[in-house]
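The values are calculated or read from the model by the stated rules, or taken from the named source; none is laboratory data. The structure presented is a predicted model; accordingly, all values stated were derived computationally and were not measured. Cβ: placed from backbone, ideal geometry, glycine included. Neighbour counts: every protein chain shown. Surface accessibility is based on the protein's heavy atoms, side chains included, excluding ligands, DNA and RNA. Shrake-Rupley method; radii C 1.70, N 1.55, O 1.52, S 1.80 Å.
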Amino acid sequence: MEKHGSANWKGGLKDGKGLVSTQSGHLSDRPYGFNTRFEGQGGTNPEELIGAAHASCFAMALSMILGEVGMTPENIDATSTVYLEEVDDGFAVTRVHLDVEAQIPGADAAKFLEAAETAKVNCPISKLLAGAEITMDAALV
């Protein structure tokens, strides 16, 4: 399987502007720039895109792992918060935090937490983020 995203950038770092798109077209020519990344202005940024990719990958992995232990989730809400921080040689994604709440009828809490931990470690996007510390809060609701 191959998937791709693309970006176009015009100008310098602080005054430039970019557009980001995905192969599917669901994200098409969405603006990003220094102001959307570091100054909180409207548009997207690489870290929120990584967060969305991580949360969606984790939720799918958790669903699979829960199924392997006989639990079928009615709902999984996952959020991945990506932390971009200044380090000695510039900026880096140093840590990521997953928040997950799941509704699973008749769930065994210990098996759920074990499945969530397994998904956190083994989903492909977590593996991609291996250089960052990944933490998690998981709860049955």
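Structure summary
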{"read-out": "Coil-residue GluC sites (Glu not before Pro) of the stretch 64-141, DSSP, other Cβ within 10 Å capped at 11", "value": "74"}
{"read-out": "5 angstrom amide H check on residue 136, placed H, neighbours 5+ away", "value": "98"}
{"read-out": "Extension gain, residue 81 back to residue 17 (0.36 nm per residue minus Cα-Cα distance, nm)", "value": "20.6 nm"}
{"read-out": "Burial order of peptide ranges 47-58, 21-32 (average beta-carbon count within 10 Å, highest first)", "value": "47-58, 21-32"}
{"read-out": "Within straight-line cross-link reach of residue 127, lysines at Cα separation under 29 Å, skipping those fewer than 8 residues along the same chain", "value": "3, 111"}
{"read-out": "Three semi-axes of the equivalent ellipsoid, the stretch 33-75, Cα gyration tensor, whole Å, largest first", "value": "34, 8, 5"}
{"read-out": "Long-range HN-HN contacts of residue 104 with modeled amide H, under 5 Å", "value": "74, 141"}
{"read-out": "Helix 46-68 vs. the chain, principal-axis angle (Cα, 0 to 90°, nearest 10)", "value": "20 degrees"}
{"read-out": "Rg over Rh [alpha-carbon atoms, Kirkwood Rh] for the stretch 9-138", "value": "1.06"}
{"read-out": "About the Cα centre, charge dipole magnitude for the chain (Lys/Arg +1, Asp/Glu -1 at Cβ), debye", "value": "540 debye"}
{"read-out": "Dipole of the chain, positive end: most advanced residue of 5, 49, 122 [Cβ charges, Cα centre]", "value": "5"}
{"read-out": "Solvent-accessible surface ranking, highest first, for 60, 136, 71 at 1.4 angstrom", "value": "60, 136, 71"}
{"read-out": "Computed [θ] at 222 nm, deg cm²/dmol, the chain (DSSP H ≥ 4; -39,500 (n - 2.57); rounded to nearest 500)", "value": "-10500 deg cm²/dmol"}
{"read-out": "Per-residue ³J(HN,Hα) for the stretch 114-123, Karplus 6.51 cos²θ - 1.76 cosθ + 1.60, θ = phi - 60°, Hz, x for Gly and Pro", "value": "5, 5, 5, 5, 4, 5, 4, 7, 10, 5"}
{"read-out": "Given 11 as the ceiling on other Cβ atoms within 10 Å, longest exposed-site-free region of the chain for trypsin sites (Lys or Arg not before Pro) in DSSP loops", "value": "15-141"}
